[in-house]
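Participant: Sharing a structure here in C-alpha cells format.
The values are calculated or read from the model by the stated rules, or taken from the named source; none is laboratory data. Not measured: the values here are computed from a predicted model. Reconstructed Cβ throughout: ideal geometry from the backbone, glycine too, with neighbour counts over all protein chains shown.
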Amino acid sequence: MVASAQQVDSKERGFLAVGAIGANLRVKLSAGLVDVAGITDREIGVAKQAAYKANDPIAVTLRNSQGTMMMVAAGSITLNAAVYAAASGKISSTVSNVFIGYALSAATGNNSIIEVLPGNRPISGATITDAAGTIYKLAAGVVTLDGSNPTTVPTGLATIVGATVTRKSTAAPGVSTALLSVNFTGSDGNLDIYAWKPTASGDCTGIASTDLTGIICWSAFGT
C-alpha cells in the first residue's frame, strides 16, 4: 500500500498512517498521511484495520464506495438512528455538523462497532416560499432525544424563522414522551426540542421528559 497518486477502482485505498489508528475509525488526510477524524472533520473513509505507529500502511474503505461500513460508536445508538461525526474518529446519534448516515445495527455503548449505511443529510439545500413570496432555506433531519430537555439541534441555517417536530413511533406514548415543543432565538441556527410527558397514569399534568430513546423528525426553515 502506498500514499502516492493512484487511480483506485475498488472500495479501498492504501495510505500511510500518521500514528496509531484503531480499526473502523473515521479517518482524514493530514499532510498526505491518514489521521483520526474529529467531530468537525469530513472523513475520507474508515480504517479497514489498525495502524500501530507512524508510517504504518493502512487500508481505508473510501467514503464514496458502495455498500455499508463498520464504524465505532461513541455511545448508545438505536437501530435506524441517524448518525453524525463524533470526536476521536467515532460516530454518535448526537447531531453535529457532519452527517454520516444511518445505523443498521444498534450500539450498546462506547466503542461498540456497528454497521452504518452512509448517506446525505435529508433534503439539504431545499427551499420553500411563503405566501408573500419570500424564499427560505429548508433544513431537516432526525435526532434522538438526549434527555436534557431541550435537545439542541444545529440546523445548519444562519437564522430560523419557523420549525416543526414529530416523534417517529408506531406505539401510543403512554406515560412516556407525549408532547413536543420547540424554541429558537432566530439568530443562531440552533433548534431546541422540548419533550413532555404525563406525571403518571391518571395524572395528565405535563412534566419534562428525560427520554433518551425517542427518535424525533425535525424540519426548520430560515436563512
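Participant: Please go through region 70-81 and give me each residue that is modelled with pLDDT of 95 or more, hydrophobic (A, V, I, L, M, F, W, C) and buried (at least 17 other Cβ atoms within 10 Å of the Cβ), ordered by number.
Facilitator: 71, 72, 73, 74, 77
Participant: Being over 12 Å from residue 189 (Cα atoms) and under 17 Å from the mean Cα position of the chain (by Cα) is the filter here, so list the residues in region 148-158 that pass it.
Facilitator: 151
Participant: Which residue, of 19, 32, 101, is under 30 Å from residue 191 (Cβ atoms) and of a type outside the set (A, V, I, L, M)?
Facilitator: Result of the check over 19, 32, 101: 101.
Participant: If you go through region 43-54 one residue at a time, how many are among the aliphatic types (A, V, I, L, M) and part of a strand (DSSP E or B)?
Facilitator: Result for region 43-54: 3.
Participant: List every residue pair whose Cβ atoms lie under 6 Å apart, where the two residues are 6 or more positions apart in sequence or sit on different chains, the first residue falls within region 167-188 and is surrounded by 13 or more Cβ atoms within 10 Å (Cβ to Cβ), and the second residue, located anywhere, is outside any strand (DSSP E or B) and charged (D, E, K, R).
Facilitator: What qualifies is 177/211.
Residues checked against (1) within 21 Å of residue 148 (Cβ to Cβ); (2) surrounded by fewer than 23 Cβ atoms within 10 Å (Cβ to Cβ); (3) in contact with a Pro (Cβ under 7 Å, 6 or more places away or on another chain):
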| residue | (1), (2), (3) |
| --- | --- |
| 32 | no, yes, no |
| 48 | no, yes, no |
| 52 | no, yes, no |
| 59 | no, yes, no |
| 62 | no, yes, no |
| 88 | no, yes, no |
| 91 | yes, no, no |
| 96 | yes, yes, no |
| 114 | no, yes, no |
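Participant: When residues of region 55-92 are filtered for being in a strand (DSSP E or B), under 15 Å from the mean Cα position of the chain (by Cα) and not aliphatic (A, V, I, L, M), how many remain?
Facilitator: Here the count works out to 2.
Participant: Let me ask something else. Can you tell me which residues in region 203-223 are surrounded by 14 or more Cβ atoms within 10 Å (Cβ to Cβ) and of a type in the set (D, E, K, R)?
Facilitator: The one that is surrounded by 14 or more Cβ atoms within 10 Å (Cβ to Cβ) and of a type in the set (D, E, K, R): 211.
Participant: Here is a further query. Condition first: free of Cβ contacts under 8 Å to residues at least 40 places away in the same chain and either closer than 14 Å to residue 117 by Cβ or touching a Lys or Arg at 6+ places or on another chain (Cβ under 9 Å) (or both). Now tell me which residues in region 53-76 satisfy that.
Facilitator: Those that are free of Cβ contacts under 8 Å to residues at least 40 places away in the same chain and either closer than 14 Å to residue 117 by Cβ or touching a Lys or Arg at 6+ places or on another chain (Cβ under 9 Å) (or both): 64, 74, 75.
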